[in-house]
Amino acid sequence: MTLQTLIKQYTTVIMDGALATELESRGANLNHPLWSAKLLTENPALIQAVHYDYLLAGAQIITSASYQASFTGFAKHGYGAQQAADLMRLSVSLALQAREQALQSGKVKGYPLVAASVGPYGASLADGSEYRGDYGLTVEELKDFHRPRIQVLANSGADLLACETIPCLEEGLALVEVMQEFKQVPFWLSFSCKDGQHACSGQLFADCAALANQSSNMVAVGVNCTPPQFVAQLVAIARQTTATPIMVYPNKGETWDAAHKCWLPSEGHADFITEAKHWQQAGASIIGGCCRTSPADIRALVYVFN
């Protein structure tokens, strides 16, 4: 099964929702620089359980708990390179095991895909800079950061890689160029945006989406961890820029306070499911949720679109 096959089979492919939000709702303390990757050592069974529940909710793609997992991030907390690589592989293994469990239950339709999450450089800093993109690094430096982790995840058994929450054009380009070294591995590229036209860095989203035209193994391009009220406009921009399938998995519209590590309420946005209909109408063929979404939200998306 490939993403392209799923898109042909279904009007709208449904992704999973937030991992960390659901882990916290089940009692996990993620107030730590490693975030959800912290549970890879502390409680991997809980991660697998959340993956399983998203599959039962109808998600056709689940994403591994490797967003915050990087060699530099793990090294800051005393993990050697081999330990870090093993934990990255474990993150994918947990998702694969959840898929097998769900398939054996007979409660899921089709064959869901497992995407290995590749978070942005800013995630390794744990200071919220993935929502700014002000790294001060060159494209080559960003490639050097991402390449070792991609090498591990590309050989982890995942169906594809999820390069996500990318805040700036330079990091998107770095990922496209690294993925050219792994041409047999499909991937998606998803940007975090601050409004209906710009990535979090302030650069035009149209320029970011156009990177899809430079890649032979990018199977989708889009936005995630972006306020839902901006997404329809961003989808329309992407649709005008590339023929690559468009994916969106926004947050619930709240704002992340990196200093206090909490979500701040936001006013003035419509219901998530109502917004999702607009994203599909604008041209998105893959829809899911990011921060603050839950299996209940994914179940609702499945009900609306399939």
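The values are calculated or read from the model by the stated rules, or taken from the named source; none is laboratory data. Just so it is clear, the model here is predicted, and its values are computed rather than measured. Glycine also receives a Cβ, built like all others from the backbone with ideal geometry; neighbour counts cover every protein chain displayed.
Tallying residues that are surrounded by fewer than 24 Cβ atoms within 10 Å (Cβ to Cβ), among the aliphatic types (A, V, I, L, M) and more than 19 Å from H77 (Cβ to Cβ) within region 115-140 yields 2.
Scanning region 150-177 for residues that are among the charged types (D, E, K, R), in contact with a Gly (Cβ under 9 Å, 6 or more places away or on another chain) and touching a residue at least 60 places away in the same chain (Cβ under 8 Å) yields a single hit, E164. Scanning region 160-170 for residues that are under 15 Å from the mean Cα position of the chain (by Cα) and farther than 21 Å from T2 by Cβ yields a count of 3.
Take the conditions (1) touching a helix residue (DSSP H, G or I) at 6+ places or on another chain (Cβ under 8 Å); (2) at pLDDT 95 or above; (3) under 17 Å from A162 (Cα atoms); (4) not hydroxyl-bearing (S, T, Y); N224 misses just one of them, which is (1).
The single condition among (1) assigned to a loop (DSSP other than H, G, I, E, B); (2) on the phi < 0 side of the Ramachandran plot that I7 does not meet is (1). Listed conditions (1) surrounded by fewer than 17 Cβ atoms within 10 Å (Cβ to Cβ); (2) at negative phi; (3) not hydroxyl-bearing (S, T, Y); (4) not in a helix (DSSP H, G or I) are all met by G78, apart from (2). Restricting attention to region 175-193, the residues that are crowded, with 17+ Cβ neighbours inside 10 Å and of a type in the set (S, T, N, Q) total 2.
The residues on offer are E141, E170, E164, and the sole one that is modelled with pLDDT of 95 or more, assigned to a strand (DSSP E or B) and among the charged types (D, E, K, R) is E164.
Condition test on R89, is it closer than 20 Å to M218 by Cβ, touching a residue at least 12 places away in the same chain (Cβ under 8 Å) and in a helix (DSSP H, G or I)? So R89 fails the test.
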